[in-house]
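Data first, discussion second: the structure below is written as structure tokens.
No value in this document is a laboratory result; all are computed from the given coordinates. The structure presented is a predicted model; accordingly, all values stated were derived computationally and were not measured. Here the Cβ positions follow ideal geometry from the backbone for every residue, glycine too, while neighbour counts run over all protein chains shown.
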Amino acid sequence: MEGEPFGSFGDVFGEVVFSTGMGGYQESMTDPASRGQILIMTFPAIGNCGTCDALNQSNRIHIRGLVVREYCKEPSKMYGNETLDAFMKRHGVPGLSGIDTRELVIKIREAGTLRGIICSGDTDGAVKKIKNTPAPSESTLVAEVSVKNTVKIDNKKKMTVGVIDCGHKASLLKELSERFNVILLPYDTPAQNIIDLGVKGMVVSDGPGDPAHTGMKGTVAAVSDLSSKLPIMGIGLGDQIVGSAFGAKTYKMKFGHHGCNQPVKYEKRVYITSQNHGHSVNIETIDGTDLIADQINVNDGTAEGMRHRDLPVLTVQYHPDSSPGPCDTSFIFDRFGKMMEAFK
């Protein structure tokens, strides 16, 4: 498909996924869980509000490329700062506009997530390169986005929560910091090191890639060791890691959930949630693990959250911290806080 370039100039390879919702482009682009993606925005006009550093979910753009029907060259001054084009140039990320995004999304919905390349020039050579290049999720993407050293954040709160950082968003850190002191830990931190810190609970953050990748075995083992010793909350990739730690199986979804309008049924209500994941816990493998799938995606029936029958363990596949999307499910953090308070 041919289009007009914007942003930075250069050839990029990635997994092509689409994100639903009218806005949230900047949050999606800077979400570490987007690592390795070429992102298609389904809404036809993108960049109308420009960009604002306060909306960044990390210190860089993590997608490899952006595909839109039309990008706005003269955005509203509501947020000020840069145009989308200038923002992408500054971060060295190319974009492609003028694409029939509806046709491309239909192709992905029918064929599943595809590998793709944004390029100029030799398209035959690009096709050969795609066929011979492994999907980004076949590498340990989490290692690229996790903190390298322990980071302690004293918020003058009564309780301290540890975060196994698989690629946390700024909004997650904000929600946790409003309630707890926070210790960010590299994704491969051993369980005993975490216990020695004296945290009252553990959050396994969202992030990119495949939870079944060999590079994640240590993280799964650590969560398994901690599961009877601390309250645990898994978010996004963290949900899949917790499920794996209890013996459930994960799988690569046909085209994943990306965007800020995914409906989740939980306790007889439907919440609209923000999501960004290409893998999920296989709901049929949860039986026999002592986990209960108590949250379900209304669109496709996939597991969106779990709780343990006896232990203080809960997970959500979506982002209760929002950004982008509604804040309907931020109460999940308060529930986890009560778990921590009650744990002896």
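Miscellaneous remarks
- Scanning the chain for GluC sites (Glu not before Pro) that sit in a DSSP loop and have at most 10 other Cβ atoms within 10 Å, the longest stretch containing none of them is 3-266.
- Among Leu185, Leu114, a tally of other beta-carbon atoms within 10 Å of each Cβ gives an order, fewest to most, of Leu114, Leu185.
- Counting only DSSP H runs of at least 4 residues, each contributing -39500 (n - 2.57), and dividing by the residue count of the chain, the helix-based mean residue ellipticity at 222 nm comes to -6500 deg cm²/dmol.
- Label of the coordinate-derived value, semi-axes √(5λ) of the Cα gyration tensor in Å, listed as [x] 65, 23, 13; [y] 36, 25, 21; [z] 34, 21, 19: [z]
- Here's the list of lysines a cross-link from Lys156 could span, going by alpha-carbon distance under 17 Å and ignoring same-chain residues fewer than 8 apart: Lys174, Lys200.
- Residues Met29, Met159, Met340, Met306 arranged by fewest to most Cβ contacts within 10 Å: Met159, Met340, Met306, Met29
- Using alpha-carbon coordinates, inclination of helix 331-342 to the longest axis of the chain, degrees: 20 degrees
- Quarter of Cα convex hull surface for the stretch 209-268, i.e. mean projection, nm²: 5.5 nm²
- Distance between the pseudo-spin-label points of Met22 and Asp294 (7 Å out from Cα toward the beta carbon): 3.4 nm.
- Site pair Asn282 and Asp11 shows an inter-label distance of 3.7 nm when each label is modelled 7 Å from Cα along Cα→Cβ.
- Full-stretch length increase - Arg309, Ser76 - with 0.36 nm per residue and alpha-carbon distance subtracted: 78.9 nm
- Cα shape, the stretch 7-50, gyration tensor, a/c 1.5 rule: prolate
- Nearest 10 degrees, 0 to 90: helix 101-111 Cα axis against the chain principal axis: 50 degrees
- In nm, spacing of pseudo-spin labels at Ser224 and Asp196 (7 Å Cα→C-beta vector): 2.2 nm
- Normalised by the number of residues in the chain, the mean separation of alpha-carbon contacts (under 8 Å, six or more apart) gives a relative contact order of 15 percent.
- The angle between the Cα long axis of helix 217-226 and the longest principal axis of the Cα atoms of the chain comes to about 30 degrees, rounded to the nearest 10.
- Rounded to 0.05, the FRET efficiency of the Asn155 and Arg109 pair, given R0 = 41 Å and the Cβ-Cβ distance, is 0.45.
- Exposure proxy ranking, count of Cβ atoms within 10 Å, fewest first, for Ile117, Ile61: Ile117, Ile61
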